[in-house]
Each structure stands twice: as structure tokens, then as C-alpha cells.
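A short worksheet on the structure shown next.
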Amino acid sequence: MELPELDLKDVANLDNFSGIIPLFPLSSVVFFPNTLLPLHIFETRYREMVHKALSTEKIIGMALLKPGWESDYYRNPEVYDVIGMGRIVSSEELNDGKINIVLYGLKRAKIIEVVSEQPYRQARVSIMENEFDESNESLRTTIEELVNKWNLYLDEKQKAHRINVNTKLPLENLTDALGSLIFPNVFDKQILLEETNVQKRSEIIINDLQSRLDMISITSQKRSEIVDKRNLN
């Protein structure tokens, strides 16, 4: 879905936040703060949810479904209790009643209790703020170096796999941006979402990037050895 032009003025203002938000559970989405998430809403109950949100705080909580959700999807299968909280910054209702929206990630939040279950769940949540250790500039430098190395390894045929991210973002935003980009597994993303300590998030990102580089280096070396062996024969 192509993103429309967005007005993000005051989007992160939570001064009058009620503490209660509707939940939109999905099996394939983990939503990070300061990222954008386009969604196509087609189920009747969630179309109702969007209409209600648009008339109030415009906030929705994106929750990851726990394994085993398939047999209970049309009721209320279990979700992880740490969610991504976002505000609707664009909406378009289509002729058939379906709705395209874009969410802007606000905060991590933890579900305290579900206050309503029909036709969609609403939950009281507690906002989870970032935790900071000492100066993290060395972590940013390491991440930037690893991202650059990864991108340099990939030629034009592999450019779709390059990591396009602004490495000058504040470290808390950079780790979340990378979390949304580099982990193909939603459960790895969920682990990162649940981590409020920015240094620990950075270390998770660094370990993943280093593992990728190690793997691509080994693969490249093996390929060279095979080519050399063929040339000798």
C-alpha cells in the first residue's frame, strides 16, 4: 500500500491519554515506536474499531497473536501482553466499506487488563518508557559500521536486501527502526519490543548484524574455494 502524505504534527502527544485502547491482534505484525504501519482493514468488527478510534483518540494497540491462535481467531485468542501503540495518521474508506489506515508508532505498552471483549477487545494499558544506561555512542558507532559493512557486501543484484536506515537517529529510535527491518521472524521482533533497555536492544541488534556478516563471509569464502578448485581441474 503506497503511503499518502502524512501530517505528523502533535502525533505523539499523550497528555490526555485515557489509558484504554482497542486491540488489533495479528499473527505477522510487531509494531515498533516511531515507525509507520499501513493496514488494510476488512473484518466488520475491526472496521467498527477504526471508526470508533477515529472519533476518539485515534489510538490502536497492535498485539501479536500467540501460537495456536488459528483455532480461535474469530473469538479472542491469546496475545502477547507487550504491544505497540499507534495513532491513526491517515485513513481512507473504500467503496466496499473496507478501510486503509496508516499508524504512527507511539510507545510500547503493556496490557494490564482487558476491559471489554466484544465486538473487539479493549484493554487498559501501561506505557513502557525507554531505559537508558551510560553513554551509548559507542553502540551507535558499532551499529553504523555493521550496517555499512552489510550494505557493501551486497551487489546490485542483492540491493533489495540492503538495510536502508538513518543511522543518525537517536539510539532508541534506531534500534526500533532496525528491529522492524532486519528480523524476518515475528517472535524475534517481539523479544526486541519487550526490551525497554536501549543498551540491551542495541546488543541484540549488534549480535544479529554480526551473525549475518559472519554467515555471508563464510558463504563467500566457500564459493571462492569452489571456484578455485574448479579452475585447478
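Give me a comma-separated list of calculated 3J(HN,Hα) values for segment 35-49, in order, Karplus coefficients 6.51, -1.76, 1.60 applied at θ = phi - 60°, integers in Hz, x for any Gly or Pro.
Rounded to whole hertz, the list is 10, 10, 10, x, 9, 10, 9, 10, 5, 4, 5, 7, 5, 4, 4.
Quickly estimate the mean residue ellipticity at 222 nm for the chain, helices only: each DSSP H run with n ≥ 4 gives -39500 (n - 2.57), and the total goes over all residues, rounded to 500.
Values: 5 runs with 84 residues, N = 233.
For the chain, the value works out to -12000 deg cm²/dmol.
Taking neighbour counts of Cβ atoms within 10 Å as a proxy for exposure, in what order, fewest first, do 51, 40 appear? Could you put the intermediate results ahead of the total?
Numbers: 51 14, 40 10.
Neighbour counts put them in this order, fewest first: 40, 51.
Tell me which trypsin sites (Lys or Arg not before Pro) from segment 1-92 have a DSSP coil assignment and no more than 14 other beta carbons within 10 Å of their own.
Those that pass, being in a loop and sparsely packed, are 9, 75.
Tell me, what ³J(HN,Hα) does each residue in segment 176-188 have, in order and in whole Hz, if you take phi through Karplus 6.51 cos²θ - 1.76 cosθ + 1.60 with θ = phi - 60° and put x for Gly and Pro?
Per-residue couplings from phi come out as 5, 4, 5, x, 6, 9, 9, 8, x, 8, 5, 6, 5 Hz.
What are the aspartates and glutamates whose alpha-carbon lies under 18 Å from the alpha-carbon of residue 52, with same-chain residues fewer than 8 places away excluded?
Cα-Cα hits under 18 Å: 43, 92, 93, 117.
Starting from the 7 Å offset along Cα-to-Cβ, what nm value, one decimal, do you get for the label separation of residue 113 and residue 26?
Spacing of the two 7 Å Cα→Cβ label points: 3.0 nm.
Starting from the Cα-Cα distance between residue 70 and residue 215, subtract it from 0.36 nm times their residue separation and give me the gain in nm to one decimal. Can you show the working numbers first?
Values: separation 145, 0.36 × 145 = 52.20 nm, distance 3.42 nm.
That pair, residue 70 and residue 215, stretches by 48.8 nm at full extension.
Counting only Cα atoms, I'd like the Rg/Rh figure for the chain, Kirkwood definition for Rh.
Details: Rg = 20.6 Å, Rh = 19.7 Å.
In the chain, Rg relative to Rh is 1.05.
Which ordering of 204, 216, 21 is given by a fewest-first count of other beta-carbon atoms within 10 Å?
On the way: 204 18, 216 15, 21 24.
So the residues, fewest neighbours to most, are 216, 204, 21.
Calculate the FRET efficiency for residue 81 and residue 6 from the Cβ-Cβ distance with a Förster distance of 22 Å, rounded to the nearest 0.05. It would help to have the intermediate numbers written out before the result.
Numbers: r = 29 Å, r/R0 = 1.33.
Step by step, r from the Cβ atoms, then E = 0.15.
Which pairs break 27 Å Cα to Cα here: 9/110; 66/200; 98/168; 168/200; 157/200? Each step should come with its number before you reach the end.
On the way: 9/110 25 Å; 66/200 24 Å; 98/168 38 Å; 168/200 19 Å; 157/200 34 Å.
Table pairs above 27 Å Cα-Cα are 98/168; 157/200.
Here, each number is a calculation from the coordinates, and none is a lab measurement. Here the structure is a predicted model, which means the values were calculated and not measured. Neighbour counts are summed over all protein chains in view; Cβ atoms, including those assigned to glycine, are modelled from backbone coordinates with ideal geometry.
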